[in-house]
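**Q** Here it is, the structure, as structure tokens.
The values are calculated or read from the model by the stated rules, or taken from the named source; none is laboratory data. Worth saying up front: this structure is predicted, and the values here are computed from it rather than measured. Heads up, the Cβs are rebuilt from the backbone with ideal geometry, glycines too, and the neighbour counts pull from every protein chain shown. Side chains are part of the model used for accessible areas, which takes the heavy atoms of the whole protein and leaves out ligands, DNA and RNA. Shrake-Rupley method; radii C 1.70, N 1.55, O 1.52, S 1.80 Å.
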Amino acid sequence: MLANRSKRHKILAGMVTLLIVTNGFPVLSRATQFPPPIPKSRSERIERVRSRVEVIRANIAKESLEAVVRNLGNQEDYFVPGYQTEVGGAQIDFQQILSSRRTHKLVAMLSELSRDDARIKAKSICDLMYESHRSNVEQMVKHHEDADVPKSQKSLFGSKLGLGAAIFALAHFSEPSRITAELRRMEDLAKPTVDRLKHVRNPLPDGFPVSIGKNLVLLDLCCQVNLLVYSVDHAVPMNLALKTSVNEALADVPKRKLPLAKWDAALTGYDILRWEMGVPLDPRDVKERIDFYDWSVSWTFDTATQRATVFKLMELCGMARS
């Protein structure tokens, strides 16, 4: 079974290119971005991954809350120590956010505060990450409008996921209406960005402005669904009427339980050791198991249905008060 899983990953790796943007706009494959050779023997591969994990854990353990927030936009965090996906190229933002150990360190540090103080602090972090992402997007657009304007030195992919991580943290301590507001703010940023890129002087490849809006400015629709659901499930007190309405809106969307590990766990659900080699998580490292909604194969490219679902959830959550 493990051999078949490994074979499936190799096939998918050949078919899928993850979009990573550095310095404004170059497109690189994951293999190009992180090229170290993979050891041949199973024991060597296990040791290699474990060594990388130990370095990450040691580095993050020393970081203050301010340092964790400052580093949320590091794009490498969302791939190392080895995030992989079985979904082709799209609909992976939520899992990439969860794959970053800094996401979970942020939540753990905020959880040491009172719920009210954590909500206020998480909202300020969202504002900070939004401004970082907005300025990054603006620099990218200006460069394409005027070649004399320097390229952005930050990863758009990283700043988007960093903002997503901040919104996920906020969802632990705030009512769903606030999460809806954060997602709408991102949508308000994406729309004019796409419009401006359609009229830039420096020509872009066909369809690139649309992909910018969908992939680099805005969290994908599956991620938006799961952020909203998480906020509903963790609202205090629980809004049972809202939960029932959300369940009805998502009745046709497949879901499964997703284990979330502690930030300093030896292994998380997103490490190569688990994905490729079937090494189980230590139950003591699993802090919670959440409902994860994902589109079925037939829905993957049905963006109209996806958007209608997200709009319905935002409508429900935007009006609700916990």
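Residue-by-condition table, conditions (1) surrounded by 18 or more Cβ atoms within 10 Å (Cβ to Cβ); (2) among the β-branched types (Val, Ile, Thr):
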{"site": "Ser100", "(1), (2)": "yes, no"}
{"site": "Val107", "(1), (2)": "yes, yes"}
{"site": "Asp116", "(1), (2)": "no, no"}
{"site": "Ser135", "(1), (2)": "no, no"}
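**Q** Pairs please, first residue from region 100-119 and in a loop (DSSP other than H, G, I, E, B) and modelled with pLDDT of 95 or more, second anywhere and crowded, with 21+ Cβ neighbours inside 10 Å and among the hydrophobic types (A, V, I, L, M, F, W, C), Cβ atoms under 9 Å, 6+ apart in sequence or on different chains.
**A** Correct list of pairs: Ser111/Phe173; Leu113/Phe173.
**Q** At least 2 residues that are hydroxyl-bearing (Ser, Thr, Tyr) and in contact with a helix residue (DSSP H, G or I) (Cβ under 7 Å, 6 or more places away or on another chain) in each: list the helices (runs of 4 or more DSSP H) lying fully within region 223-322 that qualify.
**A** Working: elements: 240-249, 272-275, 303-319.
It comes to 303-319.
For every residue, the table says whether it meets (1) modelled with pLDDT under 95; (2) within 19 Å of His172 (Cβ to Cβ).
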{"residue": "Val210", "(1), (2)": "yes, no"}
{"residue": "Met238", "(1), (2)": "yes, yes"}
{"residue": "Ser245", "(1), (2)": "no, no"}
{"residue": "Lys255", "(1), (2)": "yes, no"}
{"residue": "Asp264", "(1), (2)": "yes, yes"}
{"residue": "Trp299", "(1), (2)": "yes, no"}
{"residue": "Thr303", "(1), (2)": "yes, no"}
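**Q** Which numbered condition trips up Lys154, out of (1) over 21 Å from the mean Cα position of the chain (by Cα); (2) outside any helix (DSSP H, G or I)?
**A** (1)
**Q** Output the number of residues of region 157-203 satisfying the condition of being among the hydrophobic types (A, V, I, L, M, F, W, C), open to solvent by less than 10 Å² (accessible area, probe 1.4 Å) and in a helix (DSSP H, G or I). Reasoning before the result, please.
**A** Just the residues of region 157-203 that are among the hydrophobic types (A, V, I, L, M, F, W, C), to begin with: 157, 161, 163, 165-171, 173, 179, 181, 183, 186, 189-190, 194, 197, 200.
Checking the rest, the ones that are also open to solvent by less than 10 Å² (accessible area, probe 1.4 Å) come to 161, 163, 165-171, 179, 183, 186, 190, 197.
Cutting the leftovers down to in a helix (DSSP H, G or I) gives us 161, 163, 165-170, 179, 183, 186, 190, 197.
Matching residues across region 157-203 total 13.
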